[in-house]
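K.L.:
Handing you this structure, nothing more for now.
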Amino acid sequence: MILKLDKMAVDLPIPKNPSPNDAAALQELLGGKFGEMSTLMNYTFQSFNFRGRKRLRPFYDVIASIAGEEYSHIEAVTYAINLLLSGATKRGKDPVPGPLQEATDFRNTYHYTASAQTALPMDSMGNFWSGQNVFNSGNLKLDLLHNFFLECGARGNKMRVYEMVTDPTAREMISYLLVRGGLHVVAYARALEHLTGVNVTKLVPTPELSNKAFPETQKFEKQGLHLKLYTYSQDDFQQAGLIWNGNHPEDGKPLEVVFGAPEGFTPPDLEEEPQMSAPGADDYDPQMFADMAKKLGIKI
């Protein structure tokens, strides 16, 4: 089970201006082959389908812990896309002037025809994410090797998309993922080393593991976010520390398992887009629920 918290893993700045094409580029990090939907579903199915869990518990605990985190990464990319799309077309309820006419020049028109200027489970070219991106062979060595490759591929894409976009919101989100994804690269490398005896860390960086070229990553690393493996459970996945221990291969600082989730941040409240009929609940009276809450003693 997953405990859902109404928090964001990263505190995203609100864009000063919409940037539809930056949003389109970020879609690759959400629904691309190496995107966050792929990492979530790969590790989720591998943890659900894990055989020999009792004997190999430390490896299961690492995979399951990272799977829990990937849900928050999907959320972070999605909010970044949504923030960059907010206000991209003219707000209003009159369709006659063509409030969406500028959308014909944007790279991804799905954002305006299939959703209310919000993210979709697709890549940067509008191809919808597919379950065919899930790899779960059932062989632990092969699955861990695939996961290492998947995280390396994801890192390469993040680095390239960072170079494509210039909006501070987009770069802040990508930098957070570079730090956390880099941790996952190291985690799967160490798991393979424990399982096979092969020093997979000699393949690191694959690609370059250092984040020094990305200014926004520095504050996350100062917070130790490249060192902390979160289990997303207070009580379970205790044996993840049998794999995630020792020192980081780049800066030599000690690795740490944190039982639970990051404290998180309040998600941004997305503005309404009347021209998209979103949310389209004009007849809603918030006072009705306020009166009900008062009677029931519910704090709103």
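The values are calculated or read from the model by the stated rules, or taken from the named source; none is laboratory data. The model shown is predicted, which means the values in this text are computed figures rather than measured ones. Note: ideal-geometry Cβ built from the backbone for every residue, glycine included; neighbour counts use all protein chains shown. SASA here: full protein model, heavy atoms, side chains in, ligands and nucleic acids out. Shrake-Rupley method; radii C 1.70, N 1.55, O 1.52, S 1.80 Å.
K.L.:
State all residues of region 126-147 that are more than 28 Å from residue 26 (Cβ to Cβ) and among the polar types (S, T, N, Q); if no residue qualifies, say none.
P.N.:
137, 139 - these are the residues of region 126-147 that are more than 28 Å from residue 26 (Cβ to Cβ) and among the polar types (S, T, N, Q).
K.L.:
For residue 122, are the conditions met, namely being touching a strand residue (DSSP E or B) at 6+ places or on another chain (Cβ under 6 Å), open to solvent by less than 60 Å² (accessible area, probe 1.4 Å) and not hydroxyl-bearing (Ser, Thr, Tyr)? Reasoning before the result, please.
P.N.:
On the way: touching a strand residue (DSSP E or B) at 6+ places or on another chain (Cβ under 6 Å): yes; open to solvent by less than 60 Å² (accessible area, probe 1.4 Å): yes; not hydroxyl-bearing (Ser, Thr, Tyr): yes.
It is true that residue 122 is touching a strand residue (DSSP E or B) at 6+ places or on another chain (Cβ under 6 Å), open to solvent by less than 60 Å² (accessible area, probe 1.4 Å) and not hydroxyl-bearing (Ser, Thr, Tyr).
K.L.:
Search region 1-20 for residues that are among the acidic types (Asp, Glu) and pair each with any residue that is assigned to a loop (DSSP other than H, G, I, E, B) when their beta-carbon atoms are under 9 Å apart and the residues are at least 6 apart or on different chains.
P.N.:
Listed pairs, sorted by first residue: 6/264; 6/266; 6/267; 11/264; 11/266.
K.L.:
Looking at 240, 191, which is the one that is farther than 25 Å from residue 33 by Cβ and in contact with a Leu (Cβ under 8 Å, 6 or more places away or on another chain)? Full working, then the answer.
P.N.:
Working: 191 fails: farther than 25 Å from residue 33 by Cβ.
After ruling out the rest, the residue left standing is 240.
K.L.:
Assuming residue 39 fulfils every condition listed in (1) open to solvent by less than 10 Å² (accessible area, probe 1.4 Å); (2) among the β-branched types (Val, Ile, Thr); (3) more than 16 Å from residue 136 (Cβ to Cβ) apart from one, which condition is it?
P.N.:
Failing condition for residue 39: (3).
K.L.:
State all residues of region 124-140 that are assigned to a loop (DSSP other than H, G, I, E, B) and within 17 Å of residue 157 (Cα to Cα); if no residue qualifies, say none. Working first, answer last.
P.N.:
Here is the first cut: in region 124-140, the residues assigned to a loop (DSSP other than H, G, I, E, B) are 124-127, 129-130, 134-139.
Answer for region 124-140, where residues must be assigned to a loop (DSSP other than H, G, I, E, B) and within 17 Å of residue 157 (Cα to Cα): 124, 125, 126, 127, 129.
Let's see how each residue does on (1) in contact with a strand residue (DSSP E or B) (Cβ under 8 Å, 6 or more places away or on another chain); (2) loosely packed, with under 15 Cβ neighbours inside 10 Å; (3) modelled with pLDDT under 95:
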| residue | (1), (2), (3) |
| --- | --- |
| 167 | no, no, no |
| 171 | no, no, no |
| 181 | no, no, no |
| 192 | no, no, no |
| 252 | no, yes, yes |
| 255 | yes, no, no |
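K.L.:
Follow-up. Output the residues belonging to region 1-36 that are within 13 Å of the chain's Cα centre (by Cα) and open to solvent by less than 10 Å² (accessible area, probe 1.4 Å).
P.N.:
Answer for region 1-36, where residues must be within 13 Å of the chain's Cα centre (by Cα) and open to solvent by less than 10 Å² (accessible area, probe 1.4 Å): 8, 10, 26, 27, 29, 30, 31, 32, 35, 36.
K.L.:
For residue 141, which of the numbered conditions (1) within 16 Å of the chain's Cα centre (by Cα); (2) open to solvent by 40 Å² or more (accessible area, probe 1.4 Å); (3) of a type outside the set (A, V, I, L, M, F, W, C) fails to hold?
P.N.:
For residue 141, the exception is condition (1).
K.L.:
Conditions: (1) in contact (Cβ under 8 Å) with a residue 12 or more places away in the chain; (2) surrounded by fewer than 13 Cβ atoms within 10 Å (Cβ to Cβ); (3) over 27 Å from residue 44 (Cβ atoms). Residue 290 meets all but one. Number of the miss?
P.N.:
Every condition holds for residue 290 apart from (1).
K.L.:
I would also like to ask the following. May I ask you to say which residue of 231, 217 is open to solvent by less than 20 Å² (accessible area, probe 1.4 Å), more than 30 Å from residue 55 (Cα to Cα) and modelled with pLDDT of 95 or more? Show your work before the answer.
P.N.:
Details: 231 fails: more than 30 Å from residue 55 (Cα to Cα).
Criteria check complete, one pass: 217.
K.L.:
What are the residue pairs meeting all of these: first residue in region 252-271, first residue closer than 27 Å to residue 238 by Cβ, second residue open to solvent by less than 90 Å² (accessible area, probe 1.4 Å) and hydroxyl-bearing (Ser, Thr, Tyr), Cβ atoms under 6 Å, and 6 or more apart or on different chains?
P.N.:
If the second residue must be open to solvent by less than 90 Å² (accessible area, probe 1.4 Å) and hydroxyl-bearing (Ser, Thr, Tyr), the pairs left are 258/230; 259/231; 261/230; 261/232.
K.L.:
List the number of the failed condition for residue 193; all other conditions in (1) acidic (Asp, Glu); (2) in contact with a Lys or Arg (Cβ under 6 Å, 6 or more places away or on another chain); (3) under 24 Å from residue 242 (Cβ atoms) hold.
P.N.:
The single condition residue 193 does not satisfy is (2).
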